[in-house]
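The values are calculated or read from the model by the stated rules, or taken from the named source; none is laboratory data. For clarity, every value in this text was computed on a predicted model and none was experimentally measured. Positions of Cβ are generated from backbone atoms using ideal geometry, with glycine treated the same way; all protein chains shown enter the neighbour counts. Note: accessible area is taken over every heavy atom of the protein model, side chains too, but ligands, DNA and RNA are not part of it. Shrake-Rupley method; radii C 1.70, N 1.55, O 1.52, S 1.80 Å.
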Amino acid sequence: MSIVADIDNGRYAGQAEYDVSMRKDGASWTAESVDQESLRYYPVSGIADEVLLGRIPELVGEAYALAQKSSDLLRDPSLIFGEGTTGQVLVNAFENFDDNVDIMLEGNYGGTTYREKLSLYFKWVDAGDAPADWRLSAADLAEDAYMAVASFPTEGVTMQDGYEPLAEGEWSASISPELDFAYGSRYAWAFVTNPPESGVDIMFAVELDSGQLIYTSPRIPPNHTLEAIRADELPPKGEYDAVARFRAYRGGSLVGDGTLDTKVIVS
């Protein structure tokens, strides 16, 4: 005989069909064999919040992998949003077997707390040989999360074609001619590099022509780059002439300084 069992646990619903062989045993019947012939199930609600929050490092990694397909220059956000990251589910919208999720992440690095949004889009897939399950089809980690990671010095500098190595005792510095802070963001791409052969650490500060100090860098060792800056303070929306004041240190001694003009744009 065939038996159809309905399944519904509040998260998933469906049906399972069994082929049951019965044997008469006196006045009673005993099941000799029970074989599951089919199992089809589907979600009736979105992925549980606790499941999502328990997989934050994995989801951040998948978002990074997807982002790398459009740009291989992005730094790995797991430096900040890896193990130990907590989160709050802001949106968990289930509709037509799709689940749209927004999670506010909170990570800590170097004693500073960072909060950025991770957006996820899951589809329910029930096809082929693989078991029916949720599949992550899109993931978007806020750009500021990548810029936050890029605001720490990174080892490894690739100089442009035609670069002439510095002579002994020389040092150099460069910075983007425009530091563009997008609306609501404290980050801007800066692309400051310290060549491998410089032999000095460099530091710099970005100061508006009005005298307002908006950023002071950490020490950047030779063969390191600082791709982005995180402003300590920003002026109102507008464009401002500014200077980057560089200093070069060998050990604890100041061995050189200089300035470069730049522009601060607050969108």
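Below are the figures for this structure:
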quantity	calculated
Convex hull volume per residue in cubic angstrom - Cα atoms of the stretch 108-175	212
For peptides 83-96, 159-172, 48-61, sequence by mean Cβ density within 10 Å, most packed first	48-61, 83-96, 159-172
Cα-based equivalent ellipsoid of the chain: semi-axis lengths in Å, sorted from largest, via gyration tensor	58, 20, 14
Cα-Cα separations in the stretch 115-237 greater than 26 Å, expressed as whole percent	41
Partner lysines for LYS237 [C-alpha distance under 26 Å; skip if fewer than 8 residues away on the same chain]	LYS117, LYS263
Helical contribution to [θ] at 222 nm, DSSP H n ≥ 4, -39,500 (n - 2.57), averaged over the chain, rounded to 500	-3000 deg cm²/dmol
The stretch 1-64 shape via C-alpha gyration tensor axes, a/c threshold 1.5	prolate
Accessible area per residue, Å², the chain with all protein chains present, probe 1.4 Å	56
Share of carbon and sulfur in the accessible heavy-atom surface of the stretch 15-61 [1.4 Å probe, %]	46
